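Reading through the structure tokens given below for one structure.
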Amino acid sequence: GKNLPSGYVGLPIIGESISFLRSVKQDQGDEWILERISKYGPIFKTSILGSPTLVITGQAGNKFVFGSDYDILATKQPKTISAIGGKLQLSNLSKNRYLLIKAAMVSFLKPETLQHRVKDIDDVVMTNLLRETKGKETIKAVDLMKLITFDISCTILFGIFDEPIKEGAILDLKIAFKAYWSIPLNFPGTTFKKGLNARARIIQTVLPIIKKKREDLKNGIITPKSDVIACLLAIGNENEEPISEMEIIDNFITLMIVSHDTSAILASLMVWKLARDKKLYSNIREEQMAILSERQAGEETLSWSEIQKMKYTWRIAQEMMRIVPPAFGSFREVVKDTNFGGYDIPKGWQVFWVSCGTHMSKEIFEDPANFDPSRFESSSKPIRPYTYIPFGAGAHMCIGNEFARVETLVIIHHFVTKFDWSQINPDEIITRQPMPYPSW
């Protein structure tokens, strides 16, 4: 009896997951979506990752998804993401608990806090760059970027310094994240099953760290501002239930994946782009060398004020994220029956938003396939709200967007001021795994 939009839901459980995941992996997810938009319209039904799904695109659609209250669209994820990331990750919590834990995380990730961490981030980047490039003529840029951003997340966000622990965790997180977007088949050998096993190993790794930090916090050895885990452990008063170890673990997994993988993607794509466009490389290098020339004698690390001067470099990053957004899209769960665009949206379904619905629209961005960083100059035509969404929008804006900006700019600064590079394989393409990387 529902007035549902047109579309095709495919086979039970599997739905259209196989064709969808294959297209996304080949970085042809845009074509998969746009083909269905041309056939069914900007709102269509399908079934992916184990649930019936409505795909909603366009500026109005983005505003509906990002602007809807929690009692209409919850930020719960598909079965695969909930199983691997955990049922108590931020996006799966009740509204009150979500706001409480989000506020604790934001207090550590906001600019006022990050400006005091720029030197630490700079130190981590330089240590890894010097170690990993010493005596080498070639490097795998993606592996290097993942290593750098993972080390930043471990040391800056979570206060984890033990090298053996970090080495084991990065391998398990890579397996877990690959299973985020997979078919939920819990059989030996499947990507999903490997992800569940990796999650179990991560739990065994993180539990002793949480217990130690809880004790250190109690004894005054660390403070709630020391790292994100300490910040979460400090939650709880007469009106609030203290945070559980499993809540911390689930949000550790989610924040670790988001914080290091997204920045690694952006830095990798920028290195890939700069190797292919010498004019962009020259312009960025000019900006970065000018920052060094203005530095006071005796200063050896980047400062917050210098980060703010990297305007052209960040415009390149913004345009890179418009054309190849780190997140292809994300999901919301329909909490109660609602409607949009003349269609019913049934309770229990999931809504999927996609960046390409506006990022590659000729009605929103002139000549959208052309790489043009000037779109983001303050003097140019303003970007319409809810059309540029690499970090989401509105109340659902990614809490780590400023952290990603800072670490990306620090990495690119050192790359262009200390190295020149070229691609071994000039024909290297972008593939999604499930996020976009230059293939290797």
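The values are calculated or read from the model by the stated rules, or taken from the named source; none is laboratory data. Everything numeric here is computed off the predicted structure, so don't read it as measured data. We place every Cβ from the backbone using ideal geometry, glycine too, and count neighbours over all the protein chains shown. Only protein heavy atoms, including side chains, enter the accessible area calculation; ligands, DNA and RNA are left aside. Shrake-Rupley method; radii C 1.70, N 1.55, O 1.52, S 1.80 Å.
Here are some residues: 123, 143. Which one is part of a helix (DSSP H, G or I), within 21 Å of residue 402 (Cβ to Cβ) and of a type in the set (D, E, K, R)? First the steps, then the outcome.
Details: 143 fails: within 21 Å of residue 402 (Cβ to Cβ).
Sole residue among the options that is part of a helix (DSSP H, G or I), within 21 Å of residue 402 (Cβ to Cβ) and of a type in the set (D, E, K, R): 123.
Is region 215-237 home to any residue that is open to solvent by less than 40 Å² (accessible area, probe 1.4 Å), within 30 Å of residue 409 (Cα to Cα) and touching a Pro at 6+ places or on another chain (Cβ under 6 Å)?
Yes, there is a match, as at least one residue in region 215-237 is open to solvent by less than 40 Å² (accessible area, probe 1.4 Å), within 30 Å of residue 409 (Cα to Cα) and touching a Pro at 6+ places or on another chain (Cβ under 6 Å).
Filtering region 1-27 down to residues that are within 23 Å of the chain's Cα centre (by Cα) and surrounded by 14 or more Cβ atoms within 10 Å (Cβ to Cβ), which residue is farthest from residue 360 (Cα to Cα)?
Once the filter is applied, the top-ranked residue is 17.
Looking at region 304-313, can you tell me whether even one residue there is within 21 Å of the chain's Cα centre (by Cα) and not acidic (Asp, Glu)?
Checked against the condition, which is being within 21 Å of the chain's Cα centre (by Cα) and not acidic (Asp, Glu), region 304-313 yields at least one hit.
Can residue 113 be described as surrounded by fewer than 19 Cβ atoms within 10 Å (Cβ to Cβ), part of a helix (DSSP H, G or I) and under 21 Å from the mean Cα position of the chain (by Cα)? Full working, then the answer.
Values: surrounded by fewer than 19 Cβ atoms within 10 Å (Cβ to Cβ): yes; part of a helix (DSSP H, G or I): yes; under 21 Å from the mean Cα position of the chain (by Cα): yes.
Yes: the conditions hold for residue 113.
Hey, among 245, 240, which residue is surrounded by fewer than 19 Cβ atoms within 10 Å (Cβ to Cβ), closer than 30 Å to residue 95 by Cβ, modelled with pLDDT under 90 and within 24 Å of the chain's Cα centre (by Cα)? Break it down into steps so the answer makes sense when it comes.
On the way: 240 fails: within 24 Å of the chain's Cα centre (by Cα).
The match here is 245.
Filter region 1-51 down to the residues that are closer than 19 Å to residue 80 by Cβ and hydrophobic (A, V, I, L, M, F, W, C) and list them by number.
Step one: of region 1-51, the residues closer than 19 Å to residue 80 by Cβ are 9-25, 29, 32, 46-51.
Those that are closer than 19 Å to residue 80 by Cβ and hydrophobic (A, V, I, L, M, F, W, C): 9, 11, 13, 14, 18, 20, 21, 24, 32, 48, 49.
Among the listed residues 82, 91, 107, identify the single one that is open to solvent by 40 Å² or more (accessible area, probe 1.4 Å) and among the small types (Gly, Ala, Ser).
107
What are the residue pairs meeting all of these: first residue in region 6-30, first residue in a loop (DSSP other than H, G, I, E, B), second residue open to solvent by 30 Å² or more (accessible area, probe 1.4 Å) and modelled with pLDDT of 85 or more, Cβ atoms under 6 Å, and 6 or more apart or on different chains?
From region 6-30, the pairs are 6/40.
I'd like to check something: does region 79-90 contain any residue that is closer than 19 Å to residue 400 by Cβ and in contact with a strand residue (DSSP E or B) (Cβ under 8 Å, 6 or more places away or on another chain)?
Yes.
Taking region 260-310 as the region of interest, how many residues are hydrophobic (A, V, I, L, M, F, W, C) and more than 27 Å from residue 166 (Cα to Cα)?
Initially, region 260-310 is screened for residues hydrophobic (A, V, I, L, M, F, W, C), giving 264-267, 269-272, 274-275, 280, 284, 289-292, 297, 302, 304, 307, 310.
Okay, now just the ones that are also more than 27 Å from residue 166 (Cα to Cα), so 274-275, 280, 284, 289-292, 297, 304, 307, 310.
Total meeting the criteria: 12.
Among the strands (runs of 3 or more DSSP E) confined wholly to region 299-370, which include 1 or more residues that are of a type in the set (Asp, Glu), surrounded by fewer than 18 Cβ atoms within 10 Å (Cβ to Cβ) and touching a residue at least 12 places away in the same chain (Cβ under 8 Å)?
On the way: elements: 329-334, 338-340, 343-345, 350-354.
Qualifying strands (runs of 3 or more DSSP E): 343-345.
I need a count of the residues in region 94-103 that are more than 19 Å from the chain's Cα centre (by Cα) and aliphatic (A, V, I, L, M).
So the count comes out to 2.
Could you check region 10-28 and list, in sequence order, the residues that are touching a Lys or Arg at 6+ places or on another chain (Cβ under 7 Å) and not β-branched (Val, Ile, Thr)?
From region 10-28, those touching a Lys or Arg at 6+ places or on another chain (Cβ under 7 Å) are 24-25, 27; that's our starting set.
Within region 10-28, 25, 27 qualify.
Can you tell me which residues in region 355-381 are more than 25 Å from residue 330 (Cβ to Cβ) and of a type outside the set (S, T, N, Q)? I'd like the intermediate steps shown before the answer.
Initially, region 355-381 is screened for residues more than 25 Å from residue 330 (Cβ to Cβ), giving 366-367, 370, 372-374, 377-381.
Result: 366, 367, 372, 373, 377, 381.
What are the pairs with Cβ atoms under 9 angstrom where one residue, in region 166-183, is closer than 26 Å to residue 18 by Cα and the other, located anywhere, is part of a loop (DSSP other than H, G, I, E, B) and open to solvent by 40 Å² or more (accessible area, probe 1.4 Å)? Sequence gap at least six, or different chains.
177/433; 178/433; 180/77; 183/13; 183/14
Six or more apart or on different chains, Cβ under 8 Å: which pairs go from a residue in region 64-85 that's free of Cβ contacts under 8 Å to residues at least 12 places away in the same chain to one that's open to solvent by less than 30 Å² (accessible area, probe 1.4 Å)? Could you list them?
82/89; 82/92
What residue, of 417, 408, is over 22 Å from the mean Cα position of the chain (by Cα), in contact (Cβ under 8 Å) with a residue 24 or more places away in the chain and closer than 14 Å to residue 310 by Cβ? Talk me through it step by step, then tell me what you get.
Details: 408 fails: over 22 Å from the mean Cα position of the chain (by Cα).
It is 417.
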